[in-house]
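Only one structure is covered here, and it is reproduced in the block below.
The values are calculated or read from the model by the stated rules, or taken from the named source; none is laboratory data. What you see is a predicted model; the values in this text were computed from it and never measured. Note that we place each Cβ from the backbone using ideal geometry, even for glycine, and neighbour counts take in every protein chain shown. Ligands, DNA and RNA are excluded from the accessible area calculation, which covers all protein heavy atoms including side chains. Shrake-Rupley method; radii C 1.70, N 1.55, O 1.52, S 1.80 Å.
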Amino acid sequence: MRNESLKDIAIKELLLQLADDDFIHSYRGAEWLGLAPHIEEDVASASISQDTMGHAAIYYKLLDELGEGDADKLAHDRPAKERRNAIILELVNGPGHYMKDPDYDWAFAVVRNYFYTQAKAIKVQSLHSCSYEPLAEVAQKVQMELYYHLMHWKTWFVQLLGSGHLEAVSRMKAAIGKTMPDFAGVFSLGQYGEEMVELGLIEGEAVLQKKWIEAITPIFESVGLAATIQIGMARGDGRNGQHTEDLEKALKTLSEVYASDKAASW
Amino acid sequence: MNVLLNDMAGEEKLNQFIARIEAGEKIEADDWMPEEYRGTLIKLISMHGISEIMGALPEKEWVPKAPTLNRKLGIMAKVQDEMGHGQLLLRVAEDLLKPYSKKRDDLMQDLFKGDLKFHNVFHMEAKSWGDAGLIGWLVDGAAIISQTNMLGASYGPYARALQRICAEEVFHAQHGEAIIMALAEGTEEQRKLVQDSINYWWESLLLFFGPPSKKEVGTSKQDITIKYKIRTSTNEELRQAFFSKYVKRILSLGFSIPDETLRFDKESETWIYQQPDWGKLKVFARNEGPRSQDRLSLRRNSYEKNKWVREALAPKII
Ligand SMILES: [Fe+2]
Ligand SMILES: [Fe+2]
């Protein structure tokens, strides 16, 4: 009996992590709408952000089915301290507002998107053998879309770093330097991580992280970067509710209309 | 451009061209066409294309704010479609621009300089979630009316692009209508969102179809576009079709239209309505609308901030 409830908690934790990661990641992507380097890219990355929001919605609905409350409420009505997303995903695209004087850095977008999409692909791969079957099924669907997302961001990553364009290369290196210190947060499984592994929900943090490093190392080498990949959780572990002001602000925007009348049907 | 060997040859070409469109044949990008035709198409299609792109901006504001997961997904899909329409149309325009050695970049510069205009509705503010719904319902609804009018356009590439665009616009109008219906069936406040939106957008929706004739704003391209079989109906006919389709619908939901004179005259079978302030079209054309400069500055911002990306992607000159 006790085991059963611990499993429930672990499943819900994992689903919240997956949902919150994609929810905020999709938001950061959507802020780029109309601002991408060219129109073709605007269309492509808008499509990726939309898929990503779709993934978040699927995870929230699984939580809904588990009795955690309405999916829309889970997405829109939880304060920052209850959110489980990794901190690196909540950080702003740059100074300014998405409707006024945004000073967004495409290099940071490419690096964060590539790193995250690769990490997500590895987690989703691991979820194929998840002992919680509904999640294993969802993983199949997510993986199909993810294939294109990963190809897209990997292409950008390699093109910009391999361009020989001084500013592009130095911006990309700076973006890598900005992303690494917080990126381990994506692999954190939070306080129920051990249970998740024991229960066969997902592989452990160290395994996921190692696979990720193995996946990106040849890409780094192909553009002449030393593959000294050192990631950390400089700003804390989002899985445990540690977050920055960037998330607070984002949530305000994401729930502005929802919060204007929580009981209303929209 | 197209210096003709002699007038006879030129006249013959023109006659052949007119005969082709009269016969309902499609003109393709590499076919000979009179300068007036090419120029008209370039203006029309580049303005249409850039309007799709500028039109994504007012809705963009409401993408993250959409109140449910499904609404978020719906509006994301719509904005993505609009950017896709812009991309498709700019490619059609670029092909037409080839003889002038102009490219996408030049179109963007024309936009920033104010030479390339974007559609009047996209100079307006989208102040609320009600506006986000109304844009889909009525602005896309109006766009469907004006674009289906060109589905049979004599210029093949434009007609084909419009086939795809119109099919997607139908989804946009449904998406908008679903938002409006939810609000209409909702609380007092939600209903007020819709009413405020109708009041704010009504004049813009009338302006959308353009002036009935030359005399309102001094120029009108509708005669040329009809002559070349790019479109069939006049601006006024399209506006009348809009009234016929939507006036009853709006009223039956219990909302009012901010025009006390609006009525259907049975004798003449036309809608009688308060003329909008046609002078506003000139204000928008000068980029002096409520949001003209903000939208342009977002576009310019993206263009300038990403200069390094375009440079890095440009083929290297060895
Ligand atoms: Fe469109
Ligand atoms: Fe549309």
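What are the principal axis extents of the Cα atoms in segment A:1-139, in Å, biggest first?
55, 30, 21
What pairs in A:Lys178/A:Lys211; A:Lys100/A:Lys154; B:Lys60/B:Lys98; A:Lys249/B:Lys280; A:Lys120/B:Lys305 have C-alpha atoms more than 27 Å from each other? Can you show the working numbers first?
Numbers: A:Lys178/A:Lys211 21 Å; A:Lys100/A:Lys154 29 Å; B:Lys60/B:Lys98 32 Å; A:Lys249/B:Lys280 37 Å; A:Lys120/B:Lys305 29 Å.
Over 27 Å apart, Cα to Cα: A:Lys100/A:Lys154; B:Lys60/B:Lys98; A:Lys249/B:Lys280; A:Lys120/B:Lys305.
At 1.002 mPa s and 20 °C, plugging the Kirkwood radius over alpha-carbon pairs of segment B:1-135 into Stokes-Einstein gives what diffusion coefficient in µm²/s?
Working: Rh = 17.3 Å.
Answer from the Stokes-Einstein relation: 124 µm²/s.
Within 10 Å of each Cβ of A:48-61, how many other protein chain Cβ atoms are there on average?
3
Taking Rh as the Kirkwood radius, which is the inverse of the mean 1/r over Cα pairs, what is the Rg/Rh value for chain A?
A ratio of 0.96.
Can you list the lysines whose alpha carbon sits under 17 Å from that of B:Lys245, skipping same-chain ones fewer than 8 residues off?
B:Lys266
Out of B:Ala77, B:Ala93, B:Ala56, any idea which swings most in a Gaussian network model of chain B, alpha carbons joined below 10 Å?
B:Ala77
Which values, in whole Å and largest first, are the semi-axes of the equivalent ellipsoid of segment B:25-301 obtained as the square root of 5 times each eigenvalue of the Cα gyration tensor? Before the final figure, lay out the partial values.
Values: eigenvalues 180, 103, 61 Å².
Semi-axis lengths for segment B:25-301 are 30, 23, 17 Å.
Which one of A:Leu127, A:Ala30, A:Trp212 is farthest out on the positive end of the charge dipole of chain A, using unit charges on Cβ (Lys, Arg +1; Asp, Glu -1) and the Cα centre as origin?
Checking the options against the dipole of chain A, the answer is A:Trp212.
If Rh is defined by the Kirkwood formula over all Cα pairs and Rg also comes from Cα, what ratio Rg/Rh do you get for the protein assembly as shown?
We get a ratio of 1.02 for the protein assembly as shown.
For chain B, modelled as a Gaussian network with Cα springs under 10 Å, which listed residue fluctuates most, B:Lys98, B:Lys13, B:Lys266?
Highest fluctuation among the options: B:Lys266.
Determine the dipole magnitude for segment B:190-295: charges of +1 sit on the beta-carbon of Lys and Arg, -1 on that of Asp and Glu, nothing else is charged, the reference point is the Cα centre, and the result goes in debye to the nearest 20.
420 debye
If you place +1 on the Cβ of every Lys and Arg, -1 on the Cβ of every Asp and Glu, and leave all else neutral, what size is the dipole of chain B about its Cα centre, to the nearest 20 Debye?
800 debye
Based on DSSP H assignment, which helices of chain B show an axial Cα extent of at least 30 Å together with a mean Kyte-Doolittle hydropathy greater than or equal to 0.0?
B:69-97, B:156-184
Note down the net charge around A:Ala234, summing +1 for each Lys or Arg and -1 for each Asp or Glu among other residues with Cβ under 13 Å from its Cβ. All intermediate terms of the calculation are to be shown ahead of the outcome.
Values: positive: A:Lys178, A:Arg235; negative: A:Asp182, A:Asp237.
Local charge sum for A:Ala234: 0.
Roughly how many Å² of A:Glu82 are accessible to a 1.4 Å probe, to the nearest 10?
Its accessible surface works out to 80 Å², give or take rounding.
With point charges of +1 on the Cβ of Lys and Arg and -1 on the Cβ of Asp and Glu, referenced to the Cα centre of the protein assembly as shown, which listed residue (B:Ser244, B:Asn306, A:Tyr59) lies farthest in the positive direction of the dipole?
The one lying farthest along the dipole's positive direction is B:Asn306.
Within the P(r) computed for segment B:181-254, what percentage of the Cα pairs occupies the region above 21 Å?
Roughly 43 percent, rounded to a whole number.
With +1 on each Lys and Arg Cβ and -1 on each Asp and Glu Cβ, how big is the dipole of the protein assembly as shown about its Cα centre, in debye rounded to the nearest 20?
960 debye
Would you calculate, for chain B, the mean residue ellipticity at 222 nm contributed by helices, counting each DSSP H stretch of 4 or more residues as -39,500 (n - 2.57) and dividing by all residues, to the nearest 500?
Taken over chain B, the calculation gives -20500 deg cm²/dmol.
What translational diffusion coefficient, in µm²/s and rounded to a whole number, does the Stokes-Einstein relation yield for segment B:243-318 at 20 °C and a viscosity of 1.002 mPa s, taking the hydrodynamic radius as the Kirkwood radius over Cα pairs?
Using the Kirkwood radius from Cα pairs, D works out to 124 µm²/s.
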